[in-house]
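Below is one structure, written out as structure tokens; comments come after it.
The values are calculated or read from the model by the stated rules, or taken from the named source; none is laboratory data. Since this is a predicted model, take the numbers as computed values, not measurements. Cβ: placed from backbone, ideal geometry, glycine included. Neighbour counts: every protein chain shown. Each accessible area value is taken on the protein alone, full model and side chains, heavy atoms only, with ligands, DNA and RNA left out. Shrake-Rupley method; radii C 1.70, N 1.55, O 1.52, S 1.80 Å.
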Amino acid sequence: MRILEVSLKNIKSHSDSHYSFSPGINVLSGPNGAGKSTIFEAIGYALFGVDARDFVANIDRFLRIGSKRGEVRVVFEAAEGRRYRVSRTVGGGAKWLLAAERDGDFEVEEHGGSQETEARIAELLGLSSSRALKDQFKQIIGPFQNDFLGPFVIKSATERQKTFDNILGIDSWRRTFENTRELQRELGHRTEQLRSKMADRREQTRPLPGLRRRKRELSTELQNIDIDLGKTLKEQQKAESALKNLEQQEQALRKHEQILTKLAERIKSGQEHIADKNARVNASVEAAGIVQRHLPGKQTFEAAEKQLEQLRIRQSAQRKLEKECLVAETQVETAIARLELEQHQVLEKQQQIETARKQLASEETELRNDAPLITQAAKLPALRTELEGQQARMGQLEGRREGLQEGQEKLSEGICPFFAEPCLNIAGKEIEGFFEGRLSAMAMERSEIAGLRASLLENITIAENADRELSQRKDRLARIEKDRQTLLRDEEALSLKTAALKAGQGPLEEQKRSLAQQRLTLREFDGLEQDIALAEQQRRQHASDRDQVQAFEKVALELEEHQKALQRYQQKLTELEQDHKSAGETLAQLRTSYSLEIHDQLRLQQRELDKARATLEQRQQGQQQLLIDTESQIDRLRALLLELAQQRREHRKLRRSSSLLDYLRNQVFKNVSTKLSERFRGEVSQRADRIYRTISGAEEELCWAEGYQVSLTDFADGQRRERSDDQLSGGQMMSAVVSLRLALLQTLGARIAFFDEPTSNLDASRRENLAQAFRAIDQGQDELSQHWYDQLFLISHDVAFSEITNQLTELEK
């Protein structure tokens, strides 16, 4: 895996920069402020997802001054040889996108979010996906310049242990051991709770055998009741059957009585209808003769009415035109008058606006002279506070006075006010003078407070009046400003109205011409009134003929209908008389077969059986409810038995889980992290020692000791000497940390690394040796290490590094 190109747009000092890198060692050089470290930060931001706030306090400082949005793009080649481009924007709505190269173009991959994008990049970089990419970059791959020594110089052994366990990914075992302590206590607590619940359930299920016996007894009693109820139901059904037959006979008797009555009523009604129809037939014959005599006059009336209708239409058109002429004359006269009136109103309005403007200016000057009122209103909060203090003082004084008065009353009787019994302390003593002196002093103090309160209330009233006056003046000033704006709008409206008056004179002349044309058209209707009078005369002469025909025409036309209806009524009356005779015979037969005495006896027997049945059913319901309650209690206790069995299974399961957890905590979690730490430290120490010897050029052994402490061992004066990190010089510590970081990178499998000024605190000899060590690693010399990385990025001003680099990139301000 290697980085091919990096582009920065509006990132810190870079406005629009593009850089290409080669495999192996890439050195960035240039003056301070040229943006060398910014390139490392940009790679960490885009490729590893580091937060911009890890580089700067405010995200705006990660952008170029004056810019609102920036972008970083990194093109890299994955292990399989395919090229990818990752881009990440800075600013509002920041996006993190990964694109794969296809046919010379980059196509963005679809990801469900930043977490999926990060996992995909980690896969392409060959890094662990169990830890955040940004943590791997900040801790191992590209530590910030100020954090290069970081975890190696932590003074606290515990904190240093936690930090490196996290970096190596083995802290989870120790955290698991610590986090399961609470789980172990919880398992023990739950086991004890279950044991207590099981004891409660055993006690609750003891009544179960007695309830089962009670259930059997209730079932036997319920069966006996069911037998008695069955016998009663059979007797009741037999009685109901006989009663039903008698009720049917009674209903048939009543029904035929009603039928006979209705038939008699219908016969009477039919006779009345036949008489009425005879009268209607006679009336229709007479009406037909009247219609025949007056029909010619009606026809003459209708012709005159039709002619009159046409004349009325012309008359309506005439009146409409007259109205239009009248309206037009009125509109012309009104328009002339309105024009003159509006011109006069415009002049008056102009004068009113000028007068109102002067009045507002005068009133505003008067209202703004309010300095004395402001001074008085400012005293109001202090006066109210002082008044509250005096009122509180008065309340305390009243409480003390009432207490003295009560004590005086009690003690004057020789009774203790607290214990309500004779007081031995004051027996034979004079106490009146003591209370009178105290009460007199309190009265004077009360009078003083009352005077102060009266004075304060008077001052508060003055201040409140001043405050209200200020508020009212403020409202009046606001209204003056509002009135001034209204005057401005009135002036604008007045200007528009003046222009509209000038424009309205043209339409007025057009209205006058239209009125003259309408008057000429109106002369065409001369003589219309005489024609209408003649038609109305003919209409009046024959109106009586029309009225006679209209009055009797409908009755004459109904003659045939009335004759047919009369025949139907006569036929129906004959049928009803036959039905009435038949119904009378049937009713006589029903009265012979029905017995009212037998019917009443059966009704009495039915009521007695209903009472017996209700008693048995009530007993049955009571026994059933007792049985249901008993079964419910049995079901509840059975459920408790099942719950008890489940609790026993849970209790056994909890005991097994607790035993397993004890084993895992004491035999696995407690020891694994320690073993892994020893293995990692040994592997890293071996690699780091070879690198360190090359850098230092001295016979010193570098060891990453217990607790991840840096240690150097040598033989000075023939004696073995071991020194820890706080005993080393700055150059020794920097050389050791560089060696350990290179060894860590190789151990963790990182194929790319970034070093920002790794030669600080190193003398010239060590700087040259460090450069040669990098070159030896790059070439895969056996005495140092295998060629484990694809690219190494360095920021350095040393000539030694410029000589061993595969590519030197010079940056300028």
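Could you work out what % of the accessible surface of the chain is carbon and sulfur, using a 1.4 angstrom probe and leaving DNA, RNA and ligands out of the count?
Carbon and sulfur together cover 48 percent of it.
Going by alpha carbons, how many degrees (0 to 90, nearest 10) lie between the helix axis of 543-557 and the longest principal axis of the chain?
For 543-557 against the chain, the angle is about 80 degrees.
Given that just one value was derived from the coordinates, which of [x] 1.29; [y] 1.04; [z] 0.98 is Rg/Rh (Cα atoms, Kirkwood Rh)?
Evaluating Rg/Rh (Cα atoms, Kirkwood Rh) on these atoms matches [x].
Round to a whole angstrom and tell me the spacing of the C-alpha centers of the stretch 271-296 and the stretch 57-112.
The two parts, judged by their Cα centres, are 109 Å apart.
Is the stretch 96-190 best put as rounded, prolate or oblate by its Cα gyration tensor, with a ≥ b ≥ c the root eigenvalues, rounded for a/c under 1.5, and otherwise prolate when a/b is larger than b/c, oblate when not?
oblate
Once you order the gyration tensor axes a ≥ b ≥ c over the Cα atoms, which shape class does the stretch 74-130 get: rounded for a/c under 1.5, otherwise prolate or oblate by comparing a/b with b/c?
Since a/c reaches 1.5 but b/c is at least a/b, the shape of the stretch 74-130 is classed as oblate.
Order of 88-101, 134-147 by packing, highest average Cβ count within 10 Å first?
In decreasing order of mean packing, 88-101, 134-147 become 134-147, 88-101.
Along each of the three principal axes of the Cα atoms of the stretch 13-89, give the extent in whole Å, ordering the values from largest to smallest.
40, 27, 21
Using only protein heavy atoms and a 1.4 Å probe, report how much of His189 is accessible, in Å² to the nearest 10.
100 Å²
Helix 380-412 versus the longest principal axis of the chain: what angle, 0 to 90°, nearest 10, using Cα atoms?
90 degrees
Among Asp635, Asp689, what's the order by accessible area (1.4 angstrom probe), most exposed first?
In descending accessible area the options line up as Asp635, Asp689.
Excluding same-chain residues fewer than 8 positions from Lys554, which lysines have a Cα within less than 18 Å of its Cα?
Lys277, Lys298, Lys564
How much accessible area does Asp726 have with a 1.4 Å probe, in Å² rounded to the nearest 10?
Counting only protein heavy atoms, Asp726 exposes about 100 Å² to solvent.
Taking the chain as the reference, fit the longest principal axis to its C-alpha atoms, fit the long axis of helix 208-367 to the helix C-alpha atoms, and give the angle between the two in degrees, 0 to 90, nearest 10.
With both axes taken from Cα atoms, the answer is about 90 degrees.
Heads up, I need the accessible area for Arg190: 1.4 angstrom probe, whole protein in place, Å², nearest 10.
So the heavy atoms of Arg190 present about 110 Å² to solvent.
Only Lys, Arg, Asp and Glu count, each charged at its Cβ (+1, +1, -1, -1), so figure out the dipole size of the chain about its Cα centre, rounded to 20 debye.
2680 debye
Straight-line reach from Lys12: which lysines have a Cα under 18 Å away, not including same-chain ones fewer than 8 places off?
The qualifying lysines are Lys36, Lys68, Lys813.
Evaluate E = 1/(1 + (r/R0)^6) for Glu524 and Leu347, where r is the Cβ-Cβ distance and R0 equals 56 Å; express this FRET efficiency to the nearest 0.05.
Computed FRET efficiency for Glu524 and Leu347: 0.75.
Mind ranking 250-261, 702-713, 154-165 by how tightly packed they are, going by the mean number of other C-beta atoms within 10 angstrom, highest first?
Descending mean neighbour count gives 702-713, 154-165, 250-261.
Calculate, for the chain, the solvent-accessible area per residue in square angstrom, rolling a 1.4 angstrom probe over the heavy atoms of the protein chains.
Computed with neighbouring chains in place, this is 61 Å² per residue.
Give the ranking of Ser114, Ser685, Ser130 by solvent-accessible surface, highest area first, calculated with a 1.4 Å probe.
Descending order: Ser130, Ser114, Ser685.
Please report the relative contact order for the chain, taking Cα pairs under 8 Å with a sequence separation of at least 6, and give it as a percent rounded to a whole number.
26 percent
Take Val285, Val346, Val672, Val153 and sort them by solvent-accessible surface of the protein heavy atoms, 1.4 Å probe, largest at the top.
Val285, Val153, Val672, Val346
Which percent, to the nearest 5, of DSSP beta bridges fully inside the chain are antiparallel?
Antiparallel: roughly 75 percent of the beta bridges in the chain.
Straight distance only, please: which aspartates and glutamates reach the Cα of Lys572 with their own Cα at less than 18 Å, same-chain residues fewer than 8 apart left out?
Glu265, Glu272, Asp276, Glu561
What is the stretch 438-547 by shape, rounded, prolate or oblate, if you read a ≥ b ≥ c off the alpha carbon gyration tensor as root eigenvalues and call it rounded for a/c under 1.5, prolate for a/b larger than b/c, and oblate otherwise?
oblate
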